[in-house]
Structures are given as C-alpha cells and as structure tokens.
Amino acid sequence: DVKVTQSSRYLVKRTGEKVFLECVQDMDHENMFWYRQDPGLGLRLIYFSYDVKMKEKGDIPEGYSVSREKKERFSLILESASTNQTSMYLCASTVGGLSGNTIYFGEGSWLTVV
Amino acid sequence: EDKVVQSPLSLVVHEGDTVTLNCSYEVTNFRSLLWYKQEKKAPTFLFMLTSSGIEKKSGRLSSILDKKELFSILNITATQTGDSAIYLCAVVLGSGNTGKLIFGQGTTLQVKP
C-alpha cells in the first residue's frame, strides 16, 4: 500500500514553464523532504519541512521553492524550469525525531525540461 | 557544510565475491546513519546505525559504524546478481522533532554471473 504519493510520475516541460511537483503522505508525518537524484551525485536535498508552513533550504535550493499549507502535502515548485533541472525528483516523509527506519519515499517524478 | 561521501562510486564484481562499501561523513549534530538499496525505484531501507562498534546483520549483508573515525561500512558476502543496485548511505542530523537527512553520492554495484 502506497503511503507517499507523487502524483506526477513522468513530465515533459518546456524551458521557462512553471512546474509543480506534488507529494502527499497519509501517515501524519511532521517531516517531509524533496531531493533530486542524478547519476553519480546521489540524492541531493533541495528543501525540507518539519511542520506546516515551515521550510528549510537544503543543499541545492536555487531555482526551487516549496509550499506546505497542509501537513500531508509538500509541493516543490520550479518557477521557471531550465534544462539543468531535468532529473528524477524524490519525496520522503518521516515522523518527528527522524527515526531512520520510518522514512518513507515516494516512487519518484521524472522531469524532462526541453 | 555537512557532507556524506561514499566510495567507491561504482564497482563490478562476480557472483560469490565479497564487497565492502564505504561511507564517511562530516556533519554537525549527528543522530544516526542509514543504508539503503535502490533498484530503479524508491530506496529500500537496509540498516540504521546509531552506536559505534555494534554490527547490524541481515542475511549476507552487514554494517558497522565508527563514530570516532566518522565512517561506516556495508559488507555483502557471497554476492548474487540480485544484489546489483545503487547503495545509498544517509546521515540523520538534528535534535528533537526537527532534523535533516542527507545522502552520499551512492555506490553502483554490478554483480556479474
């Protein structure tokens, strides 16, 4: 049973378009994360949130923003997509306290910017 | 800057070989270290390590943490083709109910028949 849902699995967008990637979890988790994964670079943290309306920059926030209006939903926004944002985007959520074996991942969103 | 570094970045072995994957870290406010296996989809959890010197074991996989030298290793014995995957190391930082989870670059393991 899927607990973290990334609704857009495969997207193709044009340079300059605004892109929304949605992540929804049904486990009442406090912490949510957005990563991008590129070959040889692992998962790089873009933004994370530990509560509604709270957000923290990760290691590569440039070109991205996030929104967390409700506890279950954490949205990643590309204000003006660029080709170097072509990547696989992975959402994760976990309980407060970040117990390692209770981190759940979405299935990933593959974004191609042309 | 918090950093997690894995080595090697890629590895090709034959079935039956034993492999050792490395993960070193330089972070503030360390809480735990995690190992994941990823095969073309979301990572799957392998181990969580919080204390030095205590080996975690699951079948042919084992892992240990050294908090003094700031590294962990993941061992896979008698490798099989099904072990081919990306192995990710991650560190949990922070205290209380807030925190951060950062990953290394991953080690891509290919096991040949």
Open item on the list: Between A:Gln37, A:Gln25, which is facing chain B (nearest Cβ under 9 Å) and in contact (Cβ under 8 Å) with a residue 24 or more places away in the chain?
Closed with: A:Gln37
TODO: Kindly state which strands (runs of 3 or more DSSP E) lie completely within the range A:1-81 and contain at least 1 residues that are under 18 Å from B:Asp2 (Cβ atoms).
DONE: A:31-38, A:42-49
Task: Count - residues of the range B:55-78 that are more than 19 Å from B:Asp17 (Cβ to Cβ) and open to solvent by 40 Å² or more (accessible area, probe 1.4 Å) - done: 9
Open item on the list: Among the listed residues A:Glu22, A:Glu30, identify the single one that is open to solvent by 10 Å² or more (accessible area, probe 1.4 Å), of a type in the set (D, E, K, R) and at pLDDT 95 or above.
Closed with: A:Glu22
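Every residue, every condition in (1) touching a Gly at 6+ places or on another chain (Cβ under 7 Å); (2) part of a strand (DSSP E or B), yes or no:
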| position | (1), (2) |
| --- | --- |
| B:Gln6 | yes, yes |
| B:Asp17 | no, no |
| B:Leu21 | no, yes |
| B:Leu34 | yes, yes |
| B:Met48 | yes, yes |
| B:Ile54 | no, no |
Open item on the list: If I go through the range B:23-34 residue by residue, how many of them are small (Gly, Ala, Ser) and on the phi > 0 side of the Ramachandran plot?
Closed with: 0
Open item on the list: I need every pair where a residue in the range A:83-95 that is within 9 Å of chain B (Cβ to nearest Cβ) and under 18 Å from B:Leu93 (Cβ atoms) has its Cβ under 6 Å from the Cβ of a residue that is among the hydroxyl-bearing types (Ser, Thr, Tyr) and open to solvent by 10 Å² or more (accessible area, probe 1.4 Å), sequence separation at least 6 or different chains.
Closed with: A:Thr94/A:Thr102; A:Val95/A:Thr102
Task: Checklist (1) within 13 Å of the chain's Cα centre (by Cα); (2) open to solvent by less than 70 Å² (accessible area, probe 1.4 Å); (3) within 20 Å of B:Tyr87 (Cα to Cα) applied to A:Ser49, failing item - done: (3)
Task: Those residues of the range A:60-105 which are open to solvent by less than 40 Å² (accessible area, probe 1.4 Å), small (Gly, Ala, Ser), modelled with pLDDT under 95 and on the phi < 0 side of the Ramachandran plot, in sequence order - done: A:Ala92, A:Ser93, A:Gly96, A:Gly100
Open item on the list: Could you check the range B:75-108 and list, in sequence order, the residues that are more than 14 Å from every other protein chain (Cβ to nearest Cβ) and in a strand (DSSP E or B)?
Closed with: B:Asn75, B:Ile76
TODO: Output the number of residues of the range B:35-49 satisfying the condition of being in contact with an Asp or Glu (Cβ under 8 Å, 6 or more places away or on another chain) and either among the aliphatic types (A, V, I, L, M) or at positive phi (or both).
DONE: 1
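The values are calculated or read from the model by the stated rules, or taken from the named source; none is laboratory data. What you see is a predicted model; the values in this text were computed from it and never measured. Don't worry about glycine lacking a Cβ; one is built from the backbone with ideal geometry, like all the others, and counts go over all protein chains shown. Please note that ligands, DNA and RNA were not included when accessible areas were found on the heavy atoms of the full protein model with its side chains. Shrake-Rupley method; radii C 1.70, N 1.55, O 1.52, S 1.80 Å.
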